[in-house]
Amino acid sequence: SIPGSEMGLRVFDTENLFCPYPTSTHIEELCASIFRSHRETGQYCVEELQALRWKFFSREEVLAYQNKSVDEMWQHCAVRLTDAVQYVVEFAKRIPGFRQLGQNDQIALLKSGSMEVVLVRMSRIFNMENSTVFFDGKFAGTELFKSLACCDFIASVFDFAHGLCALRLTEQQVALFSALVLINADRPCLEDRDRVLRVRKDVELALSHILHRDNQESLLHKLYQKLALLKNLCTLHIEKLRWFRQYFPVTVHSLFPPLYKELFVSDTDIHTMVTL
Ligand SMILES: CNS(=O)(=O)c1ccc(CNC(=O)c2cnc(OC)c3c2cnn3-c2ccc(F)cc2)cc1
């Protein structure tokens, strides 16, 4: 029986008190944990990126990229994109509640959300003064990607990065927005939608908590508007990949990273991610 109940006084053992709603300490712990996961899984910290802002590609280096064949440049970018996605997979695994989801749901969320989080993170490596993005160790403009033959997609990627960069999000806001992008109960092929929704609700509370603390609640609807842009960008990425794969099936099959194929090439079965 509960101690103290014999005197008619019911003293709750607070350690075991089940609380049906997340307490503020639970949300604050969630904010801190997601921020830590983001910091631990960024390829570069903000200071390093600041120090690299003066590093540009020379005319000759840009020409070297532009002289690559379409399939060579696609393969090069697929490798770079997979590098960035790997860090996002690691970030996801460290979000409280993500590892408790079913394996298939974790994979479904990463298949549909990892590219979106890479695009959110691109706002950290974007230089608004000259519209360049950090790629392959230096800052590059859209012209560097010309040989991909996807100028509209690249232009949209840069526009999105520019728009998100303009919101001047703090690292903690980027971290929570990234978690919000990933933990989406509306994604296709989810087996236990309710469980994803419970984690999502906590992440939404955490983001609102942070924006309220930063006195920037006005950012919330702007961030939700970005979610629709992200979805369109990822649809465009898959369309371009389908177009490319029609002309270079062997390159995709034999030279693209396995993780890239599992995530973005629909009929590939999942192996790499399970081990990740
Ligand atoms: C994740 N941590 S981080 O610190 O934010 C961080 C993140 C990334 C990088 C290094 N940059 C990239 O990986 C990168 C930059 N820009 C790109 O495109 C503009 C990239 C990148 C990787 N793939 N793509 C790409 C995607 C689609 C496409 F059609 C062509 C290229 C450094 C640091």
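For the range 87-117, the candidate set comprises residues that are of a type in the set (G, A, S) and in a loop (DSSP other than H, G, I, E, B); within that set, the residue that is nearest to the chain's Cα centre (by Cα) is G97.
Yes/no matrix, rows are residues, columns are (1) open to solvent by less than 40 Å² (accessible area, probe 1.4 Å); (2) of a type in the set (S, T, Y); (3) part of a helix (DSSP H, G or I); (4) over 22 Å from A108 (Cβ atoms):
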{"site": "E191", "(1), (2), (3), (4)": "no, no, no, no"}
{"site": "R195", "(1), (2), (3), (4)": "no, no, yes, no"}
{"site": "V199", "(1), (2), (3), (4)": "yes, no, yes, no"}
{"site": "S208", "(1), (2), (3), (4)": "no, yes, yes, yes"}
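Keeping to the range 27-86, report how many residues are part of a loop (DSSP other than H, G, I, E, B), hydrophobic (A, V, I, L, M, F, W, C) and either away from the ligand (no atom under 12 Å from the Cβ) or over 16 Å from A140 (Cα atoms) (or both).
Of the residues in that region, 3 qualify.
Each residue in the range 90-108 was checked for being within 16 Å of the ligand (Cβ to nearest atom) and either under 20 Å from N232 (Cα atoms) or surrounded by fewer than 22 Cβ atoms within 10 Å (Cβ to Cβ) (or both), and 3 pass.
Looking across the range 121-173 at every residue that is near the ligand (Cβ under 9 Å from one of its atoms) and assigned to a loop (DSSP other than H, G, I, E, B), the one that is farthest from L230 (Cα to Cα) is identified as G137. Across the range 59-72, a minimum of one residue is classified as exposed (fewer than 10 other Cβ atoms within 10 Å of the Cβ) and modelled with pLDDT of 95 or more.
Against the condition open to solvent by 50 Å² or more (accessible area, probe 1.4 Å), over 17 Å from L81 (Cα atoms) and modelled with pLDDT under 95, how does T268 come out, does it pass? Give the derivation first.
Numbers: open to solvent by 50 Å² or more (accessible area, probe 1.4 Å): no; over 17 Å from L81 (Cα atoms): yes; modelled with pLDDT under 95: yes.
When the stated conditions are applied, T268 does not pass them.
The requirement of being more than 10 Å from the ligand (Cβ to nearest atom) and within 19 Å of L227 (Cα to Cα) is satisfied by K111.
The values are calculated or read from the model by the stated rules, or taken from the named source; none is laboratory data. If you're wondering where the values come from, they're calculated on a predicted model, not measured in any experiment. When we count neighbours, we look across all protein chains shown, and the Cβ atoms used for this are built from the backbone with ideal geometry, even at glycine. Please note that ligands, DNA and RNA were not included when accessible areas were found on the heavy atoms of the full protein model with its side chains. Shrake-Rupley method; radii C 1.70, N 1.55, O 1.52, S 1.80 Å.
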